[in-house]
Amino acid sequence: AQSVTQLDSHVSVSEGTPVLLRCNYSSSYSPSLFWYVQHPNKGLQLLLKYTSAATLVKGINGFEAEFKKSETSFHLTKPSAHMSDAAEYFCVVSDLTSGTYKYIFGTGTRLKVLA
Amino acid sequence: NAGVTQTPKFQVLKTGQSMTLQCAQDMNHNSMYWYRQDPGMGLRLIYYSASEGTTDKGEVPNGYNVSRLNKREFSLRLESAAPSQTSVYFCASRESAYGYTFGSGTRLTVV
């Protein structure tokens, strides 16, 4: 079975400093991995996706993630945090085993950006 | 605008009442999904429909039923609401193996 583990439930950074949100995955197959962001009382927005092409994936708003098979990780990074980055972030793996491509969500990481 | 439309956006129910959450997509997607979001638990799959005329249980189906009325619409029904069903519900449709489109959510409170 596929799963994802987000290693931190809360992360606080100062504005202008780097962001690192950690995600480990478990999969018997070559996975498809995603990061979504959810601002307060809003829906889900796709930040970026890994689909077995380049291992370094660039997304919107300056975010990027690196797929590391040896470490089973897909951490999300941004060089410089902005106040508008404060939100909840979800790491997601797509379950390909059943052919239905169900999304399996991590439990989320709430990012707080300090002025 | 093309996308996934959920109604209502907010709802308060009394314990034991029933209601149906509506979801419609206009992108001609085959697969549709219902998730619930609870604090600290991410999103969990309730039911999904791989294609018109088929539905299957997800991770947390108890207390819910679904109907795939046609290719566009996928509704979620609570027959007898319980406080444990207080949650935010998201509908989604799948455009490919690599992307979902989510609705804006329904915030449900059961008192």
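The values are calculated or read from the model by the stated rules, or taken from the named source; none is laboratory data. Everything numeric here is computed off the predicted structure, so don't read it as measured data. Reconstructed Cβ throughout: ideal geometry from the backbone, glycine too, with neighbour counts over all protein chains shown. Note: areas computed on protein heavy atoms with side chains; ligands, DNA, RNA excluded. Shrake-Rupley method; radii C 1.70, N 1.55, O 1.52, S 1.80 Å.
Values for this structure:
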| read-out | value |
| --- | --- |
| Matching option when the condition is more than 27 Å from residue A:111 (Cα to Cα), at pLDDT 95 or above and surrounded by fewer than 21 Cβ atoms within 10 Å (Cβ to Cβ), among B:75, B:96 | B:75 |
| Single condition residue B:22 does not satisfy, out of (1) outside any strand (DSSP E or B); (2) modelled with pLDDT of 95 or more | (1) |
| Residues satisfying the stated conditions in the stretch B:7-31, i.e. open to solvent by 50 Å² or more (accessible area, probe 1.4 Å) and within 11 Å of chain A (Cβ to nearest Cβ) | B:9, B:10, B:30 |
| Scan of the stretch B:36-61 for residues that are in contact with an Asp or Glu (Cβ under 9 Å, 6 or more places away or on another chain) and either among the hydroxyl-bearing types (Ser, Thr, Tyr) or surrounded by fewer than 20 Cβ atoms within 10 Å (Cβ to Cβ) (or both), ordered by number | B:44, B:47, B:48, B:49, B:50 |
| Enumerated strands (runs of 3 or more DSSP E) restricted to the stretch A:44-111, each holding at least 1 residues that are within 14 Å of another protein chain (Cβ to nearest Cβ) and closer than 23 Å to residue B:30 by Cα | A:45-50, A:87-95, A:102-105 |
| Candidates A:76, A:56 - the one that is surrounded by fewer than 15 Cβ atoms within 10 Å (Cβ to Cβ) and under 14 Å from the mean Cα position of the chain (by Cα) | A:56 |
